[in-house]
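A.B. asks: Quick one: this structure, given as structure tokens, is what I'll be asking you about.
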Amino acid sequence: MQQLAIKSFTPHRFPISVKIFHVMAAEGVFAPTDRVELIDGEIFNMSPIGTLHARCVNWLSRVLGEFVGRDFIVSIQNPIVLDDASEPQPDISILRYRDDFYKNETPWPRDVLMIFEVADTSVEFDRNIKLPRYAAAGIPETWLIDLVSERVEVHSEPKENTDGTVKIFQRGENAASHMIANIDLSLDEILG
């Protein structure tokens with residue numbers, strides 16, 4: 001009896017670029033209600049926004065706007081381009097001020113001073129997938145607001161794909177920014 005030679009099959013990924021992601025969106029591949037973001041060439045569904053998450057983002061939006069005034073732009077749940085394969089949508093980004101408010105270009109890492117990710121169901125995804133991508137892109141400071149554990153992780157001074165410094169704050173404490181001196185926030189107020 002003759003043996004058949006069977007080649008093993010290795011599936012190949014077909015990563016999506018930011019450019020193709022935009023074409024897909026323009027062509028209606030995603031429904032208007034779809035909440036998706038591109039990370040390392042893969043499209044991910046974003047978790048639904050619950051009331052605690054929404055409250056925290058709304059509170060931060062108001063307070064950060066007061067702290068940074070007209071010197072920076074507080075961008076809420078808008079995309080930033082990390083590289084040709086990643087366009088996440090952080091909950092809040094503090095951007096360098098531009099008169100055109102990024103009308104013709106999505107902000108890149110050079111434009112981003114700080115990112116705030118508010119997480120309840122997405123804590124592990126944000127911590128293990130998104131934050132390392134922000135560090136690799138050279139974004140100087142990222143705050144992970146963990147609504148479940150009621151803590152804030154301030155990741156700063158990125159070095160070769162990892163954060164150089166991570167400080168953890170609990171209720172009753174204040175978390176301060178390394179990038180913008182007057183951002184010093186009470187965790188009790190952040191968490192509500």
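A.B. asks: Name the residue, out of R133, R110, that is open to solvent by 60 Å² or more (accessible area, probe 1.4 Å), part of a helix (DSSP H, G or I) and more than 24 Å from M46 (Cβ to Cβ).
C.D. replies: Sole residue among the options that is open to solvent by 60 Å² or more (accessible area, probe 1.4 Å), part of a helix (DSSP H, G or I) and more than 24 Å from M46 (Cβ to Cβ): R110.
A.B. asks: To continue, here is another question. Please state which one of F125, F116, F101 is in a helix (DSSP H, G or I) and either within 13 Å of the chain's Cα centre (by Cα) or not hydroxyl-bearing (S, T, Y) (or both).
C.D. replies: Just one listed residue meets the conditions, F125.
A.B. asks: Can you name every one of the strands (runs of 3 or more DSSP E) wholly within region 139-192 that holds 3 or more residues which are under 25 Å from Q89 (Cβ atoms)?
C.D. replies: 141-146, 151-159, 162-170
Rundown of residues vs (1) closer than 22 Å to V152 by Cβ; (2) surrounded by fewer than 13 Cβ atoms within 10 Å (Cβ to Cβ), yes/no style:
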| residue | (1), (2) |
| --- | --- |
| H12 | no, yes |
| I16 | no, no |
| F21 | no, no |
| E27 | no, yes |
| E42 | no, no |
| M46 | yes, no |
| H53 | yes, no |
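A.B. asks: For region 25-83, please list each of the strands (runs of 3 or more DSSP E) lying entirely inside it that holds at least 3 residues being under 21 Å from T142 (Cα atoms).
C.D. replies: 36-39, 72-76
The values are calculated or read from the model by the stated rules, or taken from the named source; none is laboratory data. All values reported here derive from a predicted model rather than from experimental measurement. Methodologically, a virtual Cβ is constructed for each residue, glycine included, from the backbone with ideal geometry; neighbour enumeration extends over all protein chains shown. Note: accessible area is taken over every heavy atom of the protein model, side chains too, but ligands, DNA and RNA are not part of it. Shrake-Rupley method; radii C 1.70, N 1.55, O 1.52, S 1.80 Å.
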